[in-house]
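Chemist: Here it is, the structure, as structure tokens.
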Amino acid sequence: MKAGKFQLLYPTAAFGALLFVMGAMWYAASSQNSAAIYLLLFLLVSVFLVSIPHTLTNLAGVTLRVESAKPTFAGDEVCLPIEIINSFRATRYGIEVVLPDANKTRERLDCIPRESAARLTLRFSAHHRGEHKIETLELTSCYPFGFVRALRRFVSNQTYLVYPRPAGSSQLPVNRSRFANSWVQRGIGHGDDFAGVRAYVQGESQRHIDWKAVARGQPLMTKQFAAETKGAVCLDFFELQFADVEQRLSQLTLWVIKAERARQPYGLCLPGTEISPSLGQMHFHYCLRVLSLFRPTGYEY
């Protein structure tokens, strides 16, 4: 993550209260010609001036590393994991991470030991579907006394994905699609007829890998079995009666979730895109990603 070139320093609300106190002390000292009040005033000013470089150096050598956030649904919470690295030989105190793009969401770390790292999670609401970019993050600190706040900006290229909000009827559509009655699932089950092998896909269960072939030095292959199913269902964008595109996407999202939970093979039909029926987490997230990134392009619905 690229850091900003300059470190900013600005006063806090506590600085305003400090100015009021110092002004009152100056008035009292000048009106009463009190050396003791003058001494206390100069001591307070000295403490304030000394605290400024301490506040600035508290962010020196501190950097950020933003990790990828898991996809979420619109209206839910995005969890953004962040690692804060202290590369200096001094402990850092009272550091906050701020995300300006999410209503200045912030999380605080009380202490980061020297030459070590600490982790935290920024949580904020996902309002709109699509792929969103995290443009900047800020590190701030007002340690030790809170009179001034130091700030460093970091530029980020990290993105996160927000799926459409699931809404609508939970009843899956009737199998009247163009491939619902003709598609035969290539499933895996006990007692089914062996139908060959295919290349292993990352993330699939390893229970059905052809380990004998692996022992012979061949690549990972998954055994396939032909099984009759109740038919694949097509989740068709054009069959929905909603006038609003977002309502259609919300309905399709809910159906994708219901079909996956019911273990019923499902495909997706969108303007310009057709996804063949399948099951599994890879297919599930691929369909949701397509729904998330869908952009109307002038089709008549």
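Chemist: Past 26 Å, Cα to Cα: identify those pairs from 70/258; 70/212; 104/133, in the order given.
Modeler: 70/212
Chemist: What's the FRET efficiency of residue 218 with residue 247 using the Cβ-Cβ distance as r and R₀ = 45 Å, to the nearest 0.05?
Modeler: 0.35
Chemist: Also, I was wondering about something else. Taking 8 Å as the Cα distance limit and 6 or more residues as the minimum spacing, I'd like the relative contact order of segment 1-162 as a percentage.
Modeler: Across segment 1-162, relative contact order equals 30 percent.
Chemist: Count the net charge of all other residues whose Cβ sits under 9 Å from the Cβ of residue 106, scoring Lys and Arg as +1 and Asp and Glu as -1.
Modeler: -1
Chemist: Net charge around residue 72, counting only other residues with Cβ within less than 13 Å of its Cβ (Lys, Arg = +1; Asp, Glu = -1)?
Modeler: Summing Lys/Arg as +1 and Asp/Glu as -1 gives +2.
Chemist: Per-residue HN-Hα couplings for segment 110-120, Karplus 6.51 cos²θ - 1.76 cosθ + 1.60 at θ = phi - 60°, whole Hz, x for Gly and Pro?
Modeler: 6, 7, 10, x, 5, 6, 8, 9, 9, 10, 8
Chemist: Given points 7 Å out from each Cα along the Cα-Cβ axis, report the residue 76 to residue 125 separation in nanometres with one decimal.
Modeler: Calculated label separation equals 1.7 nm.
Read-outs throughout are calculated quantities, based only on the coordinates presented, and are distinct from any laboratory measurement. None of the values given here were measured: they were computed from a predicted structure. All Cβ positions, even for glycine, are placed from backbone atoms using ideal geometry, and neighbour counts span all protein chains on display.
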